[in-house]
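Okay, structure first, notes after.
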Amino acid sequence: MATSNRTTLIKGQRLHTVVIGGGQAGLAVGYYLSQRGIPFVILDANERIGDSWRRRWDSLRLFTRARYDALPGMPFPAPAGSFPSKDEMADYLEAYAARFHLPVYTRTRVDRLWKRNGRYVIDTGQLRLEADNVVVAMSSFQQPAIPPFARDLKSDIRQIASSDYRNPSQLQPGAVLVVGASNSGAEIALDIARGGEQRDVWLAGRHPGHLPYDIDGMFARFVLSPLLFRFVFHRVFTIDTPVGRKVRPKFLGKGSPLIRARPRDLEAAGILRVPRMVGVEGGRPLLEDRALLNVTNVIWSAGFTPGFSWIDLPVFSADGTLVHRGGLTETEPRLFFVGLNFLYSLSSTMIQGVGRDAKRIVDAIVSGNALTSPVAESLESPREPVAEPSAGLRREGTRTSRLRA
């Protein structure tokens, strides 16, 4: 979908800044670039702005109320105390891009990002662009992490990645195993259990913990949720605070606690909790306690990778993980990241947090020297680049070994 100030991209065109990704992170970066008068384009692989939300499961609602779901400069158009649906969020992002005339080029997938003669080169199918600055504005959750032993399951077991799940109509009759007990896995299990068909629903994985209150309640609405989301997640759990630096590896490696789906909700819905799946035996799922399950459906919700194989630059550690400090890379000082899990704070992947991260990155672009700017100085202490744990940001693909050489 084109916005009103788009111009035609020309092969070989040289640009000041290219933003890769047109979701909430990319649009927030675009807003601040526009406010600073910096020429830029946003490239996105989807058919429409917001499609990454439209493809989520049908019953998905955000964990935060509408008052916290706005990007910079535009309130979310819903009652402040409501929890927006995934389609409402998708439509909001599309309207946001139109309101601020952000130059988003959809149906433009980046195949490779590399460098030539001191400038970044962005290959998008038949189109090649050059840029002084590149912002990779994508979440950590791009490609589902499905274990190799999935191929050993019986062929008559239907396998669905959580990113492809929409509703129970996709399932075969019979029992369902949801692999991964995080927020997505737990909510999908509840969606299936409440879908009307009598079937066993198994949820495999360790319990990640849960919030000790109901986020739909009035006390949560006016006291607990603002305290948690606006203060603890946004201002306490950051890379600037000792407690934030202490808990960050845990959240990157093990994920966040359950926010809406609590253990008693799972129990009330008849969902059976089991240990994590560790393999396949005789074509059936094998659990950590050596139990075998007879199921006709498996939904993989055991994590994601960012899918950074297209980044052909020396910004990865020896094991293929991205090395950065609050979205800044030491080896490529004009390459930036926004939208990643715990980039600056625990709220960095939430709508309320991505705007702050976007402003920091745009300030670094404007400074002209990201690694010595006041923004970079304030991002993390001790000021050392960090390689993210493998659970969040390990790059997949064949270019890793070539880059290590």
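The values are calculated or read from the model by the stated rules, or taken from the named source; none is laboratory data. Fair warning: this is a prediction, and the values are worked out from it, not measured in the lab. Methodologically, a virtual Cβ is constructed for each residue, glycine included, from the backbone with ideal geometry; neighbour enumeration extends over all protein chains shown.
When you check GLY320 against the structure, is it within 16 Å of the chain's Cα centre (by Cα) and under 27 Å from VAL19 (Cα atoms), yes or no? It is false that GLY320 is within 16 Å of the chain's Cα centre (by Cα) and under 27 Å from VAL19 (Cα atoms).
So, of the residues in region 215-239 that are within 30 Å of ARG325 (Cβ to Cβ), aliphatic (A, V, I, L, M) and modelled with pLDDT of 85 or more, which turns out to be surrounded by the fewest Cβ atoms within 10 Å (Cβ to Cβ)? Only one residue fits best here, namely LEU227.
As for region 261-276, it holds at least one residue that is assigned to a strand (DSSP E or B), among the aliphatic types (A, V, I, L, M) and more than 21 Å from the chain's Cα centre (by Cα). Somewhere in region 191-204, is a residue more than 22 Å from the chain's Cα centre (by Cα), of a type in the set (Lys, Arg) and not assigned by TED's automatic domain parsing to the domain that holds SER155? So far as region 191-204 goes, no, none of its residues is more than 22 Å from the chain's Cα centre (by Cα), of a type in the set (Lys, Arg) and not assigned by TED's automatic domain parsing to the domain that holds SER155. Of all the listed residues (PRO173, PRO212), the sole one being surrounded by fewer than 17 Cβ atoms within 10 Å (Cβ to Cβ) and more than 21 Å from ARG284 (Cα to Cα) is PRO212. Identification of strands (runs of 3 or more DSSP E) wholly contained in region 20-132 with 1 or more residues that are surrounded by fewer than 19 Cβ atoms within 10 Å (Cβ to Cβ) and over 20 Å from the mean Cα position of the chain (by Cα) yields 112-116, 119-124.
Would a scan of region 219-229 turn up a residue that is within 20 Å of the chain's Cα centre (by Cα), among the aromatic types (Phe, Trp, Tyr) and over 19 Å from TRP300 (Cβ atoms)? Scanning region 219-229 turns up at least one residue that is within 20 Å of the chain's Cα centre (by Cα), among the aromatic types (Phe, Trp, Tyr) and over 19 Å from TRP300 (Cβ atoms). Screening PRO168, PRO144, PRO212 for residues that are at pLDDT 95 or above and over 23 Å from ALA291 (Cα atoms) leaves exactly one candidate, PRO168. On the basis of being surrounded by 21 or more Cβ atoms within 10 Å (Cβ to Cβ), outside the structural domain of TRP202 (by TED's automatic domain parsing), farther than 22 Å from PRO249 by Cβ and out of contact with any Gly (no Cβ under 6 Å at 6 or more places or on another chain), does LEU328 make the cut? Considered against the rule, which asks whether it is surrounded by 21 or more Cβ atoms within 10 Å (Cβ to Cβ), outside the structural domain of TRP202 (by TED's automatic domain parsing), farther than 22 Å from PRO249 by Cβ and out of contact with any Gly (no Cβ under 6 Å at 6 or more places or on another chain), LEU328 comes out as no.
Taking the criterion of being touching a residue at least 60 places away in the same chain (Cβ under 8 Å), in contact with an Asp or Glu (Cβ under 8 Å, 6 or more places away or on another chain), farther than 26 Å from PRO147 by Cβ and not aromatic (Phe, Trp, Tyr), the residues of region 325-344 that qualify are ARG325, GLY326, ARG334, VAL338. Checked against the criteria, LEU228 does not count as within 16 Å of THR349 (Cβ to Cβ) and in a strand (DSSP E or B).
I'd like the full set of residues that are closer than 18 Å to LEU287 by Cβ and either among the aliphatic types (A, V, I, L, M) or exposed (fewer than 15 other Cβ atoms within 10 Å of the Cβ) (or both), limited to region 194-209. Correct list: VAL201, LEU203, ALA204, ARG206, HIS207. Scan region 331-366 for residues that are hydrophobic (A, V, I, L, M, F, W, C) and assigned to a loop (DSSP other than H, G, I, E, B) and the total you get is 4.
The residue pairs whose first member lies in region 240-261 and is closer than 19 Å to GLY327 by Cα, whose second member is part of a helix (DSSP H, G or I), and whose beta carbons are closer than 6 Å, counting only pairs six or more residues apart or on different chains, are LEU252/GLY392; GLY253/ALA391. Only a single item in (1) outside any loop (DSSP other than H, G, I, E, B); (2) in contact with a His (Cβ under 8 Å, 6 or more places away or on another chain) is not met by ALA181, and it is number (1). Name the single residue, out of those in region 25-82 being of a type in the set (Phe, Trp, Tyr) and modelled with pLDDT of 95 or more, that is farthest from ILE361 (Cα to Cα). My answer is TRP57.
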